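S.K.: Submitted below is the structure of interest, expressed as structure tokens.
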Amino acid sequence: MKDKKNRDEEATSSKPSCFGFPISIFFIVVNEFCERFSYYGMRAVLVLYFRYFLHWTEDFATAIYHAFVALCYLTPIIGAIIADSWLGKFKTIIYLSIVYTIGQLVISISGIADITDTEGNGLPNNLSVHIALAMIGLILIALGTGGIKPCVSAFGGDQFEEHQVKQRRRFFSIFYLSINAGSLISTIITPILRGQKCGHVAQACYPLAFGVPAALMAIALIVFIGGSPLYRKSTPEGNIMLKVCKCIWFALKNRFQHRSNQYPKREHFMDWAAEKYDEHLIAQVKMVLKVLFLYLPLPMFWALFDQQGSRWTFQATRMDGDFGAIDIQPDQMQTVNPILILILVPIVDGFVYPLIAKCNFNFTPLRKMTVGMFLAALAFIVAALVQLQIDKTLPIFPAADQSQIKIVNVGNLSVDVTLNGVSKNYSLKPSEATEYTIVMTADIESFEVSYGAVNETFQPEIQHGTRHTLLVTNFPSIKVLLLDDYEDKPEEGKNAIRFATAFSNIENITMNDKDFGYLDELSATNYSLFTKGQKLISFIIDGIEYKQNSKEFGFGSAYTIIINEIFAADNFTLNYIEEIEPNSFHMAWQIPQYVLITSGEVVFSVTGLAFAYSQAPANMKSVLQAGWLLTNAIGNIIVLIVAEASTIQEQWAEYILFAALLVAVCIVFAIMAYFYTYVDPAQVEMEIEEEIARKKAEALEKMSYSENGTIYVVQSNL
């Protein structure tokens, strides 16, 4: 065994190095960058994929998103057990990276509408197939990303020799930087890829948005395998988590079996494991449990923190992303978090903490974590205030028993329109439109349209809870056309556009590269979605092509464009009938809530891990890491439950609910922290070893007695 260890050390020292670092770590850093790009890039657009491709509700999309994130934080425990007890870190990373890559590929395929598009409209006709593929892909991704999470950084640390403490510490800084770089770059790029035109019908390009992260994961796998000859690979030595779990389970079981009063009580429930496990392990488990007890309130912080990728992204879809030189997509606002981390970490460590120390305030780790939780709660209060302002700009949609009707005169004379049954009368000039009128659907009897002395009555077919535009014209005769309007904000902050006219034979209607087909007499096209900006409109009448630039579109609007009054090929009138106003509350107003929650993350997350590591034995750090990840998983499960079970209708009220829950938990945590006694694990372990040695000495003490002048020595079996 000793010879094998010596051979491993000789092999390690013979590995090539660069600037004092093993060359193998460069493969590991590149692998981590690509993997984090893959994960965060896919996750950035995931909730919008659920909402607008799979057509799930916002609540259900939020629930599934957080179920996926929770699974990603549960599977590291499985990965750690596989690596430490069976395959070793290297093989675990290889095998689970293959699973990971397959998962990314599967979810990329799930975004291809053409798989089930039987009508040629660019939309999937069998969502069940896409949902099944998406769920399979996400499960494989969760197993892959979670499974390799505890292995990659530890495997990187294994590449250094014992005396390379400085190099190892610098490696972990570079490793952390690669994580943030991958996260930041991917969160900027994948929303841009999602916005590209995709397929023969210009829809959001989810296959590309998921495909590029899949390619990066494949590159990560290839790079990692490429460094194989250079790696220092250790054999599995058993998993401490399993040993701790078995010890705790035995103590609980033994305590339950001896619950009768006839058995003497023991100081701590873990003392009931003494029949099977040594005192040193039991003492270490006690220290770990003391820290894990403090973890109990922590999931609530993660419940708020991880909503940046779900609720806050949906919030951004209803905001104005015009930042002057650039337009920010709703899912790109998540980049504010990694940017702020890179800014705030050195500021907090280099200025804030030293300044607080100079004020003679004992800012302990647990106090820092309490402040972090409070800042996250404040972030959600700000998010609620932002949501209230957004709600003021949103259109009023009809209730379940109501309908909304907008009337547009596309004739060349003034018109009078009466909604019989609801006593509504309107007089409109040519090209004039009314605002939406809310009416009780059941009360509408008929539409009466009058152009001068000529009038007609029409019987409508209106469903409850719908919005409509009523087009009326007088040429060649009195006609009406009832259009179904958008009943929510257009998806992803885009603009829903359609064309209508009373003219005959308008062909090849296009806006940029989108073909709307043709219109004949009183008719309208279907809606199509467009990004912000000015578009080129063209159409053909009697072989003559007409062109004109559109108005400047914003974010999240809906228009019916009426083609009327044609004078020349470059001189015609388009009447823009606004059905949904563009987003007017600016996306920059989300920045304060991002600043608050990122500040909370800096003082909570970084401090929390450092505190846990400082309060437990060196060989128990993996147990605490697993416990930390478990709090994140439970936090996401909390969001899942609230999203599906909550009866709260207003989003701002849900934000306040989460903030109130975190404040309550923050108070509980502050009380727990007040009574917590900090320990030095090294000192405690030394005292434990001294106590064990003392007990052994007592047990081995000679029991001497004299018989006929002979000394007999009786020793304990210890």
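The values are calculated or read from the model by the stated rules, or taken from the named source; none is laboratory data. Everything numeric in this text was worked out from a predicted model, so none of it was measured. Counting neighbours? That spans all protein chains shown, and the Cβs are built from the backbone with ideal geometry, glycine included. When the accessible area is computed, the model is the full protein with side chains, heavy atoms only, and any ligands, DNA or RNA have been set aside. Shrake-Rupley method; radii C 1.70, N 1.55, O 1.52, S 1.80 Å.
S.K.: Note the angle between two axes, namely the Cα long axis of helix 240-257 and the longest principal axis of the Cα atoms of the chain, as a number of degrees from 0 to 90, rounded to the nearest 10.
M.R.: The two axes meet at around 80 degrees.
S.K.: Under a straight-distance cross-link criterion of Cα-Cα below 12 Å, which aspartates and glutamates are reachable from K166, leaving out those fewer than 8 residues away in the same chain?
M.R.: Straight-distance partners of K166: none at all.
S.K.: A follow-up question, please. Using θ = phi - 60° and the Karplus form 6.51 cos²θ - 1.76 cosθ + 1.60, what ³J(HN,Hα) does each residue of the range 114-124 get, whole Hz, x for Gly and Pro?
M.R.: Once rounded to whole Hz, the list reads 4, 4, 10, 7, 8, 9, x, 9, x, 10, x.
S.K.: Suppose only helical runs count, i.e. DSSP H with n ≥ 4. What mean residue ellipticity at 222 nm does that imply for the chain under -39500 (n - 2.57) per run, divided by all residues and rounded to the nearest 500 deg cm²/dmol?
M.R.: It comes out at -16500 deg cm²/dmol, rounded to the nearest 500.
S.K.: When the scattering of the range 40-91 is computed by the Debye formula from its Cα atoms alone, each counted once and equally, what is log10 I(q)/I(0) at q = 0.28, 0.31, 0.32 Å⁻¹?
M.R.: Log10 I(q)/I(0), no solvent term: -0.99, -1.10, -1.12.
S.K.: Taking the alpha-carbon distance from K392 and a cut-off under 22 Å, which lysines remain once sequence neighbours fewer than 8 residues away in the same chain are dropped?
M.R.: Those lysines meeting the cut-off are K406, K489, K494, K532.
S.K.: Rolling a 1.4 angstrom probe over the protein heavy atoms, how many square angstrom per residue are accessible across the range 317-424?
M.R.: Result: 45 Å² per residue.
S.K.: Any idea of the accessible area per residue across the range 192-266, 1.4 Å probe, to the nearest Å²?
M.R.: I get 58 Å² per residue for this part.
S.K.: OK, next. Order the peptides 555-564, 392-401, 379-388 from the highest to the lowest mean number of other Cβ atoms within 10 Å of their residues.
M.R.: 555-564, 379-388, 392-401
S.K.: While we're on this one: Over the range 190-290, what relative contact order in percent results from Cα pairs under 8 Å that are six or more residues apart?
M.R.: 16 percent
S.K.: Tell me, what ³J(HN,Hα) does each residue in the range 31-38 have, in order and in whole Hz, if you take phi through Karplus 6.51 cos²θ - 1.76 cosθ + 1.60 with θ = phi - 60° and put x for Gly and Pro?
M.R.: With the stated coefficients, the range 31-38 comes to 4, 5, 4, 5, 5, 5, 4, 4 Hz.
S.K.: Of the cross-linked pairs K429/K479; K514/K547; K149/K286, which ones have a Cα-Cα span greater than 18 Å in the structure shown?
M.R.: K149/K286
S.K.: Follow-up. So what is the accessible area of the range 481-630 per residue, in Å², with the probe set to 1.4 Å?
M.R.: Heavy-atom SASA per residue in the range 481-630 reads 38 Å².
S.K.: Show the residues, 5+ positions off or on another chain, whose built amide H is closer than 5 Å to the amide H of F572.
M.R.: Amide H to amide H, under 5 Å and 5 or more residues apart or across chains, F572 pairs with F567.
S.K.: I've got another one for you. Multiply the residue gap between L252 and L123 by 0.36 nm, knock off their C-alpha separation, and tell me the result in nm, one decimal place.
M.R.: The span from L252 to L123 would gain 40.9 nm if fully extended.
S.K.: Using only alpha carbon pairs under 8 Å that are at least six residues apart, calculate the relative contact order of the range 362-515 and give it in whole percent.
M.R.: 21 percent.
S.K.: Which of the peptides 488-498, 307-317, 291-301 is most tightly packed, and how do the rest follow, judged by the mean count of other Cβ atoms within 10 Å per residue?
M.R.: 307-317, 488-498, 291-301
S.K.: Would you mind giving the average projected area, over all directions, of the Cα convex hull of the chain in nm² with one decimal?
M.R.: 44.9 nm²
S.K.: Taking 0.36 nm per residue of separation and subtracting the Cα-Cα distance, what length does fully extending T364 through Q534 add?
M.R.: Separation in residues times 0.36 nm, less the Cα-Cα distance, equals 55.7 nm.
S.K.: Return a whole-number percent for the relative contact order of the chain, with Cα pairs under 8 Å and 6 or more residues apart as the contact set.
M.R.: About 16 percent, as a whole number.
S.K.: Return the carbon/sulfur percentage of the accessible area of the range 367-517, one whole number, probe 1.4 Å, all protein chains in place.
M.R.: 49 percent
S.K.: Of K197/K535; K243/K368; K243/K265; K233/K621, which ones are farther than 23 Å apart at the Cα?
M.R.: Violating the 23 Å Cα-Cα cut-off are K243/K368; K243/K265.
S.K.: Enumerate the residues in the range 503-522 having an amide nitrogen under 13 Å from the point lying 7 Å beyond the Cα of K547 toward its Cβ.
M.R.: Flagged as within label range: 510-513.
S.K.: Share of the range 86-239's accessible area from carbon and sulfur, percent, 1.4 Å?
M.R.: Here carbon and sulfur together make up 67 percent of the probe-accessible area.
S.K.: Of the peptides 65-73, 323-331, how do they stack up when ordered by the mean number of other Cβ atoms within 10 Å, highest first?
M.R.: Going by the mean number of other Cβ atoms within 10 Å, highest first, we get 65-73, 323-331.
S.K.: Would you work out if the range 427-512 is rounded, prolate or oblate? Take a ≥ b ≥ c from the square roots of the eigenvalues of the alpha-carbon gyration tensor; rounded if a/c is under 1.5, else prolate when a/b is larger than b/c, oblate otherwise.
M.R.: Here the range 427-512 falls in the oblate category.
S.K.: Separate question: I want to check the label-to-label distance for A132 and V679. Put each point 7 Å from Cα in the C-beta direction and report it in nm to one decimal.
M.R.: Here the answer is 5.3 nm between the modelled labels.
S.K.: Would you mind checking which residues have amide H under 5 Å from N583's amide H? H placed 1.01 Å from N; only 5 or more apart, or other chain.
M.R.: Amide H neighbours of N583: F555, G556, S557.
S.K.: Taking amide hydrogens as modeled 1.01 Å from N in the peptide plane, which residues meet the under 5 Å criterion relative to H468, leaving out close sequence neighbours?
M.R.: Amide H neighbours of H468: Q404, I405, K406, D485.
S.K.: Let's test the formula: R0 of 56 Å, r as the Cβ-Cβ distance of D515 and E689. What FRET efficiency results, to the nearest 0.05?
M.R.: Result of the calculation: an efficiency of 0.10.
S.K.: For the range 404-447, what number results from the quotient of the Cα radius of gyration and 2.2 N^0.38 Å?
M.R.: The range 404-447 yields a ratio of 1.15.
S.K.: Can you work out the Karplus-derived ³J(HN,Hα) for every residue in the range 578-583? Use 6.51 cos²θ - 1.76 cosθ + 1.60 with θ = phi - 60°, whole Hz, and x for glycine or proline.
M.R.: 7, 9, 9, 5, x, 4
S.K.: Let me ask another. Between Q262 and L609, what is the FRET efficiency for a Förster distance of 41 Å, r being their Cβ-Cβ separation, to the nearest 0.05?
M.R.: Here the calculated transfer efficiency is 0.35.
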